[in-house]
Amino acid sequence: MTGQEQHHLGRFSERLAQVSPHAIVTPAIVALNVLIFVAMAVSGIDMMQPDGRRLIAWGSNFGPLTTNGQWWRLFTAMFLHAGIIHLGLNMWVLLYCGRIVERLYGSLHFLLLYMVAGLMGSIASLLWNPMINSVGASGAIFGVYGGLLAFMFNRRNQVPTNIMKEQGLSAIIFIVYSLSYGMRQEGIDNAAHLGGLVGGLAMGWLLARPLDARLRQEAGLRRLALALVVAPLVLVLFTLPVQNTGEEYRLQQQFLSDIKWFGEEEKRLVQRAEEWRLAARSERYSRAELSAQLEQELVKPWQAIHDRLVASPPLAEDSQFHAHQVLILESVTLRRDAFQLLAQGIRTDHEPSLAQAKALFEASNKTIEKLQELQQTP
């Protein structure tokens, strides 16, 4: 470092110390995140891999609930973490970068930048995948790095060239590495990272002020007022295209409930069918009696299953369970019709009905095979 660069660095440090000697918001945010995680752990949540349902109960950004009116989840998700490693990494990065960025902007301006960036990250997650269950401070942290870039590369802030290059390069390396790593790893919400980065850059450009006490005071209220007007408008505008997945999720949950019920009923009916076959082989019953048993113990229950599944609203064609719903209903319909024909054929000793019933049973089995292949598809 040359003598001139050392002089500029010294002057920069002096001005920074004069206008913002301490960072109080960053440690407070870290402490809040840690306290919330401790509270989650005390409540019984797994500290290494928390269950998604428990995170939802604590306020994660779960698309079907967030988009269905629980918009506060955009905010609460910023303070939840999916395990102690997730928390530790995020808080370490926040402490490393947040304190210097807070001093560059001032505590109040930094807090606004952090919150808006975090909310932008949460909204970006919904825009990318409205069914996502997202937690973490990483969107806001990317916003902090965006704020660092916005401050360093804005000439009006009078940052010395060598500091601008050093800090800017450090931020760019972190951003590029983190995004590329997120692309290779499953479960990392890069949409939140990008949304937070954009939010931090935008807010940083609005809120940044020179490291001069007089200029900083003159520009402070004006820039803060502008940001307080612009930020809510932008956040609302970005939520408008977000798809409401609340109804889709409700239908999926109803479908899964129906399938659980169907599985239990199917096991019971398979047992009944086996008992009926044993009775038929015993030759103790007449054709009329066997037909009546079949209609009472198998045809009517399969009809009840069919009626319940038909009454359930159809899932959207782009739903991950749409094909499952179609195949299950097709299989149930085939088995119901097969048992009806079997009962009719036994009662009237009608060979064509018995042959057709056999063909329907085979078609039902093929449908079940298709469903099993679909369930095995990743």
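Details
- Note, ³J(HN,Hα) from phi for region 26-41, Karplus 6.51, -1.76, 1.60, rounded to Hz, x at Gly and Pro: 4, x, 5, 5, 4, 4, 5, 4, 5, 4, 5, 5, 4, 4, 4, 5
- Summing charges over neighbours of Glu289, with a neighbour being any other residue whose Cβ is under 13 Å away from its Cβ, gives 0 when K and R count +1 and D and E count -1.
- Percent breakdown of C-alpha pair distances by 10 Å bin, ordered from the shortest bin, for region 46-111: 20, 36, 31, 13
- The chain: angle of helix 190-207 to the longest principal axis, Cα-based, in degrees nearest 10: 30 degrees
- Net charge in the neighbourhood of Ile56 (other residues with Cβ under 15 Å of its Cβ; Lys, Arg +1, Asp, Glu -1) is +2.
- At 0.890 mPa s and 25 °C, Stokes D of region 86-218 from Kirkwood alpha-carbon radius, µm² per second: 165 µm²/s
- Each Lys and Arg adds +1 at its Cβ and each Asp and Glu adds -1 at its Cβ; summed about the Cα centre, region 258-329 shows a dipole of about 320 debye.
- Lys/Arg +1, Asp/Glu -1 at C-beta; the chain dipole; positive extreme among Val176, Leu108, Gln296: Leu108
- On the beta carbon distance between Ile173 and Arg277, with R0 = 51 Å, the FRET formula returns roughly 0.10.
- Ranking Pro313, Gln372, Tyr249 by how far each Cα lies toward the positive end of the dipole of region 246-376 (charges on Cβ) leaves Gln372 at the top.
- Ordered by the number of other Cβ atoms lying within 10 Å of each residue's own Cβ, fewest first, Asp189, Asp51 fall into the sequence Asp51, Asp189.
- In terms of Cα atoms, the Rg and Dmax of region 89-157 work out to 12.9, 42 Å.
- Dipole moment magnitude, nearest 20 debye, the chain about Cα centre, only Lys, Arg, Asp, Glu C-beta charged: 1520 debye
- Globularity index of region 246-376, i.e. its alpha-carbon radius of gyration over 2.2 N^0.38 Å: 1.17
- Per-residue extension of 0.36 nm, minus the Cα-Cα distance of Ser257 and Glu351, leaves a gain of 29.9 nm for this segment.
- Reported value for region 169-266: 149 Å³ per residue, from the convex hull of its C-alpha atoms.
- Projecting the Cα atoms of Pro64, His22, Met48 onto the charge dipole of the chain (Cβ charges, centred on the Cα centre) puts His22 farthest toward the positive pole.
- Residues within the reach of a label modelled at Val34 (point 7 angstrom out along Cα to beta-carbon, backbone nitrogen below 17 Å), restricted to region 94-115, are 94-99.
- For the residue pairs Lys300/Lys370; Lys267/Lys366; Lys300/Lys366, alpha carbon separations beyond 21 Å are given by Lys300/Lys370; Lys300/Lys366.
- Two-decimal Rg to Rh for region 3-239 - Kirkwood Rh, Cα set: 0.99
- Each part gets one Cα centre, and for region 257-277 versus region 63-119 those centres are 50 Å apart.
- For region 319-330, putting each phi into the Karplus relation 6.51 cos²θ - 1.76 cosθ + 1.60 with θ = phi - 60° gives couplings of 6, 5, 10, 4, 5, 4, 4, 5, 5, 5, 5, 5 Hz, in residue order, rounded to whole numbers and with x for Gly and Pro.
- Among Phe142, Phe153, Phe110, sorting on how many other beta-carbon atoms sit within 10 Å of each Cβ, with the fewest leading, yields Phe153, Phe110, Phe142.
- Counting beta carbons within 10 Å around each of Met131, Met91 and listing the fewest first gives the order Met131, Met91.
- Built amide H within the under 5 Å cut-off of Ser134, gap 5+: Asn61, Phe62, Gly63
The numbers here are math on the coordinates, done by the rules we state, and not lab data. Keep in mind that what you see is a predicted model, and the values were worked out from it rather than measured. Methodologically, a virtual Cβ is constructed for each residue, glycine included, from the backbone with ideal geometry; neighbour enumeration extends over all protein chains shown.
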